[in-house]
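The values are calculated or read from the model by the stated rules, or taken from the named source; none is laboratory data. If you're wondering where the values come from, they're calculated on a predicted model, not measured in any experiment. For neighbour counting, all protein chains shown are included, and Cβ atoms are generated from backbone atoms with ideal geometry for every residue, glycine included.
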Amino acid sequence: MSAPNAREFDTLVVGGGIAGLQAALDLADQGFSVAVVEKDASIGGKMIRLSKVFPTLDCASCITTPKMAAAAHHPRITLFTLCDLQSLSSGNGGAFPVAARVRQNPRYVDMDACIGCRKCEYACPVYVKDAEQGGFSARKAVRIPFSNAIPQKALLDVANCMLCGKCASVCPTNAIRYDEEPREFELAARTAIVASGFELTGIGDKNLYGRGSIPNVVDSLQMERLLAPHGPYNRVLRPSDGKEPASIAYVQCAGSRDQSQGIPYCSRVCCMYAVKQAMLLSGALPLADVTVYYMDIRAFGKNYEQFFQNAKAMGIEFVKAKAASLAPGEDGGVAVRYEDQSGDGTAVREHDMVVLSLGMVPGWQPGAECAVPLAEDGFVRTIRPSTSPTLTDIPGVFVAGVAAGPKDIVDSIAEAGAAAMQAAAHMTEQAARVANANGEARS
């Protein structure tokens with residue numbers, strides 16, 4: 001039985017990234033009501049932060065933004081942003097067996113009153129590093145997260161706010177709420193789809209790579225922002241001094257296939273996003289040398305091997321080697337010590353910038369109150385990964401995208417469609433069983 005005050009939906013989707021949005025849209029277009037619970041202030045997930053996608057080099061925003069807008073305007077989809085899932089359980093009986101308790105974190109802005117005019121942002125005198133731009137540029141303490149964020153509502157960073165009151169004084173709708181508190185609410189659903197995505201392994205977790213203290217060593221998402229047309233500098237520059245780099249290196253498997261970090265698995269996408277970024281860098285900086293230090297190139301998808309061969313034909317250097325350590329070099333450079341697997345032994349080369357191809361770890365860790373089972377790698381366990389990769393141990397609860405394990409965008413979208421189909425079939429069977437039971441009771 002659902003809680004008395006719980007809002008009821010046909011499906012609860014955990015995560016508003018590309019997989020969650022695809023699953024929600026597929027179900028809503030079939031007439032099912034869907035609730036999307038997202039931990040960030042905007043839907044879109046990691047994909048909206050990318051520059052382009054491989055192997056087609058299509059614009060990531062051009063693919064993601066229409067789906068974000070479609071979900072926001074769909075009459076059967078309700079978005080809950082800046083929310084943490086506190087508990088998720090199934091088998092509670094009744095018409096809505098899935099129960100979820102959600103914590104709504106405060107925006108300190110009235111969502112209903114805010115009109116997204118950004119006057120508060122323009123008036124705010126406080127500048128802090130903008131994580132949406134890789135920490136390379138600044139944002140205000142009160143701001144809309146990014147230009148195509150959905151919802152287009154302001155968000156106040158209380159950790160950096162100095163309570164000057166300027167945002168409240170210029171707000172035309174009096175939407176600033178300095179005293180807003182977190183609140184919890186209940187959701188009840190017939191099915192659930194876990195599409196909680198991923199996080200990158202921390203750049204500061206590896207002592208051999210400087211633990212984030214070496215200038216001009218960046219991670220792959222930071223490089224995505226440097227390459228993006230709406231990035232922090234509008235071109236590729238070294239973060240430490242603003243110079244155009246003449247030599248850029250990629251260190252593969254910097255956060256995967258590494259027992260010392262407890263991540264023995266391959267994250268699958270790192271090779272291809274490094275190849276993609278290397279090709280984009282060759283276009284943005286035609287005179288720059290781009291080197292990729294790799295153990296194995298895993299070009300597993302359709303046209304991925306040709307994509308890799310195209311990169312080599314463009315002059316990108318691929319060195320089969322394991323990068324052992326990084327150290328500060330001359331003039332802000334980075335010295336890469338590596339073991340050449342062709343038999344030439346260890347060597348040291350300096351580059352102006354180094355990009356660490358970090359791996360994927362689960363974006364959500366179910367607590368003791370969440371009954372979602374996990375596999376040994378920390379991702380959601382699927383009971384038939386080869387034939388039905390969206391099925392979990394819990395009836396009515398399905399999984400899609402990287403929540404079940406590392407995969408690329410194409411596979412995530414395909415899996416989201418499969419999860420939506422499984423959820424729709426489950427609800428149809430559930431409704432048929434109830435109808436048959438009612439018919440037998442009347443007879």
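Condition test on Cys161, is it of a type outside the set (Gly, Ala, Ser), buried (at least 17 other Cβ atoms within 10 Å of the Cβ) and not in a helix (DSSP H, G or I)? Here the answer is yes, as Cys161 does meet what is asked. Of the residues Ala99, Ala113, only one is of a type in the set (A, V, I, L, M), at pLDDT below 95 and more than 24 Å from Lys46 (Cα to Cα); which? Of Ala99, Ala113, the one residue that is of a type in the set (A, V, I, L, M), at pLDDT below 95 and more than 24 Å from Lys46 (Cα to Cα) is Ala99. All of Leu227, Leu280, Leu285 fail the test of being outside the structural domain of Glu132 (by TED's automatic domain parsing), at pLDDT 95 or above, under 24 Å from the mean Cα position of the chain (by Cα) and more than 20 Å from Gly359 (Cα to Cα), apart from Leu280.
Does Lys119 count as touching a residue at least 40 places away in the same chain (Cβ under 8 Å), under 19 Å from Gly197 (Cα atoms) and of a type in the set (Lys, Arg)?
So Lys119 does not fit the description; no.
Filter the stretch 181-200 down to the residues that are among the aromatic types (Phe, Trp, Tyr) and either more than 22 Å from the chain's Cα centre (by Cα) or closer than 28 Å to Gly333 by Cα (or both) and list them by number. The answer is Phe185, and nothing else. For the stretch 186-197, indicate whether the set of residues that are of a type in the set (D, E, K, R), surrounded by fewer than 15 Cβ atoms within 10 Å (Cβ to Cβ) and within 29 Å of Phe379 (Cα to Cα) is non-empty. Taking every residue of the stretch 186-197 in turn, none turns out to be of a type in the set (D, E, K, R), surrounded by fewer than 15 Cβ atoms within 10 Å (Cβ to Cβ) and within 29 Å of Phe379 (Cα to Cα).
Here's the yes/no breakdown for (1) surrounded by 14 or more Cβ atoms within 10 Å (Cβ to Cβ); (2) of a type in the set (S, T, N, Q); (3) in contact with a Lys or Arg (Cβ under 6 Å, 6 or more places away or on another chain):
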residue: Leu227; (1), (2), (3): yes, no, no
residue: Tyr233; (1), (2), (3): yes, no, no
residue: Val236; (1), (2), (3): yes, no, no
residue: Pro239; (1), (2), (3): yes, no, no
residue: Pro245; (1), (2), (3): yes, no, yes
residue: Tyr250; (1), (2), (3): yes, no, no
residue: Arg257; (1), (2), (3): yes, no, no
residue: Ser260; (1), (2), (3): no, yes, no
residue: Cys266; (1), (2), (3): yes, no, yes
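Scanning the stretch 1-16 for residues that are out of contact with any Ser or Thr (no Cβ under 8 Å at 6 or more places or on another chain) and closer than 20 Å to Gly401 by Cβ gives a single hit, Val13. Restricting Val217, Val128 to those that are within 30 Å of Leu281 (Cβ to Cβ), among the β-branched types (Val, Ile, Thr), outside the structural domain of Glu339 (by TED's automatic domain parsing) and in contact with a strand residue (DSSP E or B) (Cβ under 9 Å, 6 or more places away or on another chain) reduces the list to Val128.
Only one entry in Phe54, Phe80 is surrounded by fewer than 23 Cβ atoms within 10 Å (Cβ to Cβ) and either within 30 Å of Gln306 (Cβ to Cβ) or of a type in the set (A, V, I, L, M, F, W, C) (or both), namely Phe80.
Can you find, within the stretch 201-219, the residue that is nearest to the chain's Cα centre (by Cα) among those that are under 22 Å from Ala138 (Cβ atoms) and not in a loop (DSSP other than H, G, I, E, B)?
Among those that are under 22 Å from Ala138 (Cβ atoms) and not in a loop (DSSP other than H, G, I, E, B), it is Asp219.
The sole residue among Ser2, Ser42 that is in a loop (DSSP other than H, G, I, E, B) and either within 15 Å of the chain's Cα centre (by Cα) or modelled with pLDDT of 95 or more (or both) is Ser42.
Residue count for the stretch 165-176, restricted to those that are touching a helix residue (DSSP H, G or I) at 6+ places or on another chain (Cβ under 9 Å), surrounded by fewer than 17 Cβ atoms within 10 Å (Cβ to Cβ) and part of a loop (DSSP other than H, G, I, E, B): 2.
Pairs meeting the criteria (first residue in the stretch 65-77 and polar (S, T, N, Q), second residue at pLDDT below 95, beta carbons under 8 Å, at least 6 apart or on different chains) are Thr65/Asn148.
Only one of (1) closer than 20 Å to Pro151 by Cβ; (2) of a type in the set (Phe, Trp, Tyr); (3) free of Cβ contacts under 8 Å to residues at least 24 places away in the same chain is not met by Tyr108, so which one is it? The failed condition is (3). Taken over the stretch 375-406, the criterion of being in contact with a strand residue (DSSP E or B) (Cβ under 8 Å, 6 or more places away or on another chain) and aliphatic (A, V, I, L, M) is satisfied by Val380, Ile383, Leu391, Val397, Val399, Ala400, Val402, Ala403, Ala404. In the set Phe307, Phe318, only one residue is part of a strand (DSSP E or B), touching a helix residue (DSSP H, G or I) at 6+ places or on another chain (Cβ under 9 Å), surrounded by fewer than 21 Cβ atoms within 10 Å (Cβ to Cβ) and among the aromatic types (Phe, Trp, Tyr); that residue is Phe318. Among the criteria (1) hydrophobic (A, V, I, L, M, F, W, C); (2) surrounded by 22 or more Cβ atoms within 10 Å (Cβ to Cβ); (3) outside the structural domain of Val372 (by TED's automatic domain parsing); (4) over 24 Å from the mean Cα position of the chain (by Cα), the one Val142 does not fulfil is (4). The condition (being assigned to a strand (DSSP E or B), surrounded by fewer than 19 Cβ atoms within 10 Å (Cβ to Cβ) and in contact with a helix residue (DSSP H, G or I) (Cβ under 9 Å, 6 or more places away or on another chain)) is satisfied by just one residue among Ala335, Ala327, Ala323, Ala347: Ala327.
If you check Ser89, Ser51 for being touching an Asp or Glu at 6+ places or on another chain (Cβ under 6 Å) and of a type outside the set (Lys, Arg), only one passes: Ser51.
Taking the criterion of being over 17 Å from Leu356 (Cβ atoms) and among the basic types (Lys, Arg), the residues of the stretch 302-330 that qualify are Lys302, Lys312, Lys320.
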